[in-house]
Structure formats: structure tokens, C-alpha cells
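Notes follow once the structure below has been shown.
Bear in mind these aren't lab numbers, they're just calculated from the coordinates by the rules spelled out. In this text, all values refer to a predicted model and were calculated from it rather than measured experimentally. Note: ideal-geometry Cβ built from the backbone for every residue, glycine included; neighbour counts use all protein chains shown.
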Amino acid sequence: MFNLNYANFANAYRRYTALDKDSLFNTLGWADKVGSLGYAHNGAVLTSLALLSCGVPLSGALRIEAGPLAGGKAFNGANRLADWLSVRHETPEILTLDKGLPEVAYQLFGRRGIIAFIQGSGPQGGLIGLLDGRNAGALCCAAEIKHPLEVRFWQLP
């Protein structure tokens, strides 16, 4: 288990989210990997970069080749990163989908942490990202096209 706090995680997440794909890939030493299988500008990569910035040693498949995170390994699949967090950080709160994603958004409003929408399509599926207290509705709308089977939430102090 490792110690995460919301302020540090959110700052790192937003820093990487602000970069377009080309800038992000250049920063990570992946300029030659644009378009390569597995290398993406998605929530799993952005969440991985924020975790690495907070000192969390990840074991993802994507090796970072340049910049301050050089040598670190990022995940490219939300389901796989969510499983990794569940085992190595803490057991997440599981939110029921019985009443649909609008009810999940209502339950998450005002809360902060990491949210994962687990999809049944294997380790690359799903959606994971930063829940900042105001974006629950937007994240649930984005997750709707993924047809999530489960919602996991890790609150960050």
C-alpha cells in the first residue's frame, strides 16, 4: 500500500492532461511510437503518469524513455490499472450500477479521487481518471459508451 493525496495526484494528472498527444509523447520519449499499438493518450496512461509523479512504482507495459519519469512503467489499459490499484493500494469502493450511471454520478458528486469504470472487454477496456468533485456527470457520460459492468472508486484525502 502507498500513500496518495489528492492535491499532488490532481496536479500531476492535470499537468499531463494539458499536453496534446504529440507533446506528451515527446516528453515521454515516445515520439517514434505515435500510432504504435498500445501507445495512447488515454485515461490509463494519464493516471499512470500522475501515480508515477507521486512516487508510486507501477508495473505497466509502457516503459517511459525520457523526462523526469524515465524508467517508469505506465499502464495503457484502464481495467488492468484498476486491478493493479485494487491489489496494491487499497480495496476500492464498489458503486452499484443497478439504477444506472446518473445515480452513480449523483453518489460521486463532491467527492475526489480515482474513478474506474470496468468494462468486460479485457484488460485494455474501461475508463479510469481523476474525479475532482465536479466532473462526476461528465465522467459517467464518457463511460456510458463503454457499457461498464462495475464502478470502482478510490477516495484520496
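Taking amide H as placed 1.01 Å from N in the peptide plane, Gly60 has its amide H under 5 Å from the amide H of Lys73, Ala74, Phe75, each at least 5 places away in sequence or on another chain. Using θ = phi - 60° in the Karplus curve 6.51 cos²θ - 1.76 cosθ + 1.60, the 3J(HN,Hα) couplings for region 45-51 round to 5, 5, 5, 4, 5, 5, 5 Hz; x is entered for Gly and Pro. Rounded to whole numbers, the Karplus 3J(HN,Hα) couplings from phi for region 142-147 are 5, 6, 4, 6, 8, 6 Hz, using 6.51 cos²θ - 1.76 cosθ + 1.60 with θ = phi - 60°, and x at Gly and Pro.
Close amide H contacts of Leu131 (hydrogens built in the peptide plane, cut-off under 5 Å, sequence separation of 5 or more or a different chain): Gly113, Ile114, Ile115.
Region 97-132 and region 20-44 have Cα centres separated by 24 Å.
Only lysines eight or more places from Lys99 in sequence, or on another chain, were considered; those with a Cα closer than 26 Å are Lys146. Using the Cβ-Cβ distance between Glu90 and Gln124 with R0 set to 30 Å, the FRET efficiency from 1/(1 + (r/R0)^6) comes to roughly 0.80. Just to be sure I follow the definition: excluding the sites themselves, where is the longest run in the chain that has none of the chymotrypsin sites (Phe, Trp or Tyr not before Pro) in a DSSP loop with at most 16 other Cβ atoms within 10 Å? Longest run free of exposed loop sites: 3-108. Taking each residue as 0.36 nm, the span from Lys99 to Leu149 lengthens on full extension beyond its C-alpha to C-alpha distance by 16.7 nm. The distance between label points at Ser59 and Asn26 comes to 3.5 nm (points 7 Å beyond Cα on the Cα→Cβ vector).
Between Val34 and Tyr106, the contour length at 0.36 nm per residue exceeds the alpha carbon distance by 22.2 nm. For region 106-113, 3J(HN,Hα) computed residue by residue from phi via the Karplus equation (6.51, -1.76, 1.60; θ = phi - 60°) reads 4, 5, 8, 4, x, 9, 10, x Hz, glycine and proline entered as x. When Cα extents along the principal axes in Å is calculated for this entry, the matching label among (i) 44, 38, 26; (ii) 44, 30, 27; (iii) 58, 34, 30 is (ii). Placing unit charges on the Cβ atoms only, positive for Lys and Arg and negative for Asp and Glu, gives the chain a dipole magnitude near 200 debye about its Cα centre.
Take the chain and mark each of the trypsin sites (Lys or Arg not before Pro) that is in a DSSP loop with at most 13 other Cβ atoms within 10 Å; the longest unmarked stretch, sites excluded, is 1-98.
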